[in-house]
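Visitor: Okay, here's the structure, questions in a sec.
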Amino acid sequence: MADKTHIFNLIKKAYETQNLSLDECEEVLKSEEYDDELFTLANLARVKFSKKDVHLKALIEISNYCHNSCFYCGLRRENSCIKRYKLSKNQILSTTQNAINLGYKTVVLQSGESKIYSTDEMCEIISSIHKLGARITLSLGEKSFEEYKAYKNAGANRYLLRIETTDTNLYKKLHPHMSHKNRFLALENLQNLGYETGSGIIVGLPNQSEKMIAKDILFFKEKNFDMIGVGPLIPCENTPLEKFKSGDFKLSLKVMALIRLLMPQINIPATTAMETLRKNGRLKALQSGANVVMPAIAEYEYRKNYFIYPNKATKNEGLKEQICAISSQIYDAGFCVSKQNGDSVYFQNRQIYG
Ligand code: SAH
């Protein structure tokens, strides 16, 4: 008979050594016996390096135009049921200023992938935000090395680009006309340019196995990313996956917690998808290894059309009410809102020790 504590020993090993083999990761993901222990140790690992701090980052969804056709995403170009928008430079800057006034240290500019902003236009936006004193994270999809370089020179600090899955066959099925190779290359370019680089996956994609997810996790570790976002799939109307089932909340949480054990110093967001799928999902994520929350702060009239999936956990409330509600959720979870600039401990140490 297998040793009953085998899985617990693996979780402990992950906590103590920050290493597990592919098979071991898969075993932990498949077993359900020690989930609570996994979440508790992930929280301990997070507290060890990031203390009780939660970084709040202001997410501005600047445009929902997209030329891609990702099977799960409501922004896909074939979806004619959403109203497309593009925020002007002035709208972005005034939203940023409001965020700074409320204490946000970072703005995250996210959009569908398109050329709706020229490189020069985007650089102007970035350098104006830089002058306002906020740190800048971009999440604009795949761009050329030259574009990433121009954004960096204009003052961007960080970039988020989820690999979505490292399994090439699965990726191909869900991302017609896109190249998996190019996505890997984009991540490499971002890291080479010195961005604090984030990636991540969706949990619950069709035919995605625990083994594939274990490979994703070890890829993240091997590539030394600074931030990893994990969210369950939420089926979206008017997409090929609209009738598909949602990703499993518990499995998403376990993936996140295991990443925390193997990469204790990185930033991990409590994703909106977790909060959307499960009431208090954000709180549970914060107690299981996450240390970042990214509230969407563009005006509701636009934000509601950033329709990557339905019932997104976003309400029509003022920014002040929103930050108060989220801050009290954070304090209720036993944490505090960070006063630091939002860099991961891992990134800070790399700056000091190389
Ligand atoms: N164009 C940018 C931003 C995409 S939206 C880029 O390519 O990086 C941000 C993330 O939302 C995506 O990377 C994807 O992982 C996630 N997402 C999109 N649709 C989703 C859905 N239906 N369910 C769960 N996550 C989804």
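Visitor: Anything over 25 Å Cα to Cα? Flag those among Lys243/Lys279; Lys105/Lys149; Lys172/Lys304; Lys89/Lys173, in the order listed. The partial results should precede the final answer.
Guide: Working: Lys243/Lys279 22 Å; Lys105/Lys149 23 Å; Lys172/Lys304 29 Å; Lys89/Lys173 36 Å.
Among Lys243/Lys279; Lys105/Lys149; Lys172/Lys304; Lys89/Lys173, the Cα-Cα distance tops 25 Å for Lys172/Lys304; Lys89/Lys173.
Visitor: Additional query: Tell me the angle of helix 319-332 to the major Cα principal axis of the chain, expressed in degrees between 0 and 90 and rounded to the nearest ten.
Guide: 10 degrees
Visitor: Output the antiparallel fraction of DSSP beta bridges having both residues in the chain, as a percent to the nearest 5.
Guide: The answer is about 5 percent antiparallel.
Visitor: While we're here: Provide the per residue accessible area, probe 1.4 Å, for the chain, rounded to a whole number of square angstrom. Can you show the working numbers first?
Guide: Numbers: 15270 Å² over 354 residues.
Counting only protein heavy atoms, the per-residue value for the chain is 43 Å².
Visitor: Using each residue's phi in region 8-17, evaluate 6.51 cos²θ - 1.76 cosθ + 1.60 at θ = phi - 60° and report the 3J(HN,Hα) Karplus result to the nearest Hz, with x for Gly and Pro.
Guide: Karplus-based 3J(HN,Hα) across region 8-17 equals 4, 5, 5, 5, 5, 4, 4, 5, 7, 10 Hz.
Visitor: So, one more: Two decimals is fine: what is log10 I(q)/I(0) at q = 0.14, 0.17, 0.21 Å⁻¹ for region 168-285, from a Debye sum with one equal scatterer on every Cα and no solvent?
Guide: Evaluating at q = 0.14, 0.17, 0.21 Å⁻¹ gives log10 I(q)/I(0) of -0.63, -0.93, -1.32.
Visitor: I'd like the orientation of helix 89-101 relative to the chain: the angle between its Cα long axis and the longest Cα principal axis, in ° from 0 to 90, rounded to 10.
Guide: The answer is roughly 50 degrees.
Visitor: Sort out for me the Cα centre separation of region 296-330 from region 105-158, rounded to whole Å.
Guide: 22 Å
Visitor: Something else about it: Can you tell me the convex hull volume per residue for the chain, based on C-alpha atoms, in Å³ to the nearest whole number?
Guide: Hull volume normalised by residue count: 128 Å³.
Visitor: Another question, then. Counting Lys and Arg as +1 and Asp and Glu as -1, each charge on the Cβ, what is the dipole of the chain about the Cα centre in debye, to the nearest 20? Present the calculation step by step, with values, prior to reporting the outcome.
Guide: Details: 48 positive and 39 negative charges, 119 e Å.
The dipole of the chain has a size of about 580 debye.
Visitor: Moving on to the next point. Which whole-Hz couplings ³J(HN,Hα) result when phi for each residue of region 165-180 is put into the Karplus expression 6.51 cos²θ - 1.76 cosθ + 1.60, θ = phi - 60°, listed in order with x for Gly and Pro?
Guide: 7, 8, 7, 5, 5, 5, 4, 4, 5, 9, 10, x, 6, 9, 10, 5
Visitor: Taking the Cβ of Pro295 as the centre, find all other residues whose Cβ is under 12 Å away and add up their charges (Lys, Arg: +1; Asp, Glu: -1).
Guide: Its environment carries a net charge of +2.
Visitor: As a test, work out the antiparallel percent of DSSP beta bridges whose residues both lie in region 77-222, rounded to the nearest 5.
Guide: Antiparallel bridges: around 0 percent, rounded to the nearest 5.
The values are calculated or read from the model by the stated rules, or taken from the named source; none is laboratory data. Computed from a prediction, not measured in an experiment: that's the story for all the values here. All Cβ positions, glycine included, derive from the backbone under ideal geometry; neighbour counts span all protein chains shown. Ligands, DNA and RNA are stripped out before the accessible areas are found, and what is left, the full protein with its side chains, is counted by its heavy atoms. Shrake-Rupley method; radii C 1.70, N 1.55, O 1.52, S 1.80 Å.
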